[in-house]
Amino acid sequence: MIRHTILVCFAVALQANAQTLYEALSKVPELSNFTAFYANNQAFADAYFGNTSAYPITFLAPNNEAFTALQEQFGVGLANIPIDTLLEIVQYHTLVSNLTTEDFDNGGGEGITVPTLLNNAVNNNRTVGVSLAARFGGPEKASGQVVFIKGADSGSARFRLMSRQDNGAQPPNTIRSGLSSNVGISALQGTEGIWEGGRFHIVDGLLTPPTTCARTIRNAGLTNLDRALNRTNLWPALDGSKNVTCLGPNDAAFRDAGSPDSALNSTILSEAILFHTLPEVAYSDYLYDGQEYTSLQNATVRVRVVGQGATKEIYFNNAKLIDANVLCCYASIGPDQLHHSLGTTNTHSYRHRLELISLCARKHWCCNIPDND
């Protein structure tokens, strides 16, 4: 009897693995709109999802609620989107590797950065870090634009992903994409989310590909940071260089620091912005206590980590990180472009004031700005 049960379970697993994505999606009622969309675009969908060279992958399937939200917000359905844009959307919903609930759980509640198949120059100007490449099969496989997945209950010591069997008993976990947008994710368990190319999970909205840092900062309502970048004429350099992380103070931080966006002269203000800029990507799940960066202003920025898992807090010097992994594209502060636009300056005379800006900025907004090869 035990042997028979094992053989039956093995047969069920093989059957699940053998099905196409369309067949797997068709079994989930809340994906009926996407299933119909797939059927109406079968040549495109079969060619994309049938590319075995990309396997294994994890597809984030938009549910019926996502289709409704798209129609209500933009007055257009997914079927009316141009094919080039449609391809970018589908690529951004495709995660590299076969990702299960356990993979998401490995973050211990801190969240996890995951590359997608969106790797064209318009939407992805990032260079793959060594750690991210090692985690996801090498630099080529991990070269696409990323999303950040985080558990819903920030007070929990465990990273939980809602399964469909929870019947909405707990809020969904979230996936962060461009413009700080978050959509809910429901992770399918067992054989339910398995298809021949890997797995799929369900999202309740469409992901937003990252856009320029200027648009991202303004969309976040960071008025003082926007004013500082305008006064220093750094926007052109900011939206045209590569591979950095901005530690962007929010408006409250600017006020607490004495409104440096208006009080400092443009030269000192420019150096202050450089002090808040790290010359590499710093996703929150790769930060550790005692880590040090040399900013573009040539000052040391130290990472302090308090706690772990979902209760983990991160500080840059004494400034607390309150919003991490705000993804941007084609928008970064590059050392060469920025220093060229600033010219040669003497940082020693106002180093104390720059430290004060950072130390008084108890609340910070962090903007991760990827790079291109």
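In whole angstrom, how long is each semi-axis of the equivalent ellipsoid of region 209-277, when you take the square root of 5 times every eigenvalue of its Cα gyration tensor and sort them from largest down?
Details: eigenvalues 72, 39, 21 Å².
Rounded to whole Å, the semi-axes are 19, 14, 10.
For Tyr22 and Ala121, the FRET efficiency from 1/(1 + (r/R0)^6), where r spans their Cβ atoms and R0 equals 35 Å, is about 0.70. The aspartates and glutamates whose alpha-carbon is closer than 17 Å to the alpha-carbon of Lys150, local same-chain residues fewer than 8 away aside, are Glu102, Asp103, Asp105, Glu110, Asp204, Asp285, Glu313, Asp323.
Coordinate-derived values only; no laboratory data. All values derive from a computational prediction rather than experimental measurement. Glycine gets a Cβ as well: all are built from the backbone with ideal geometry, and neighbour counts include every protein chain shown.
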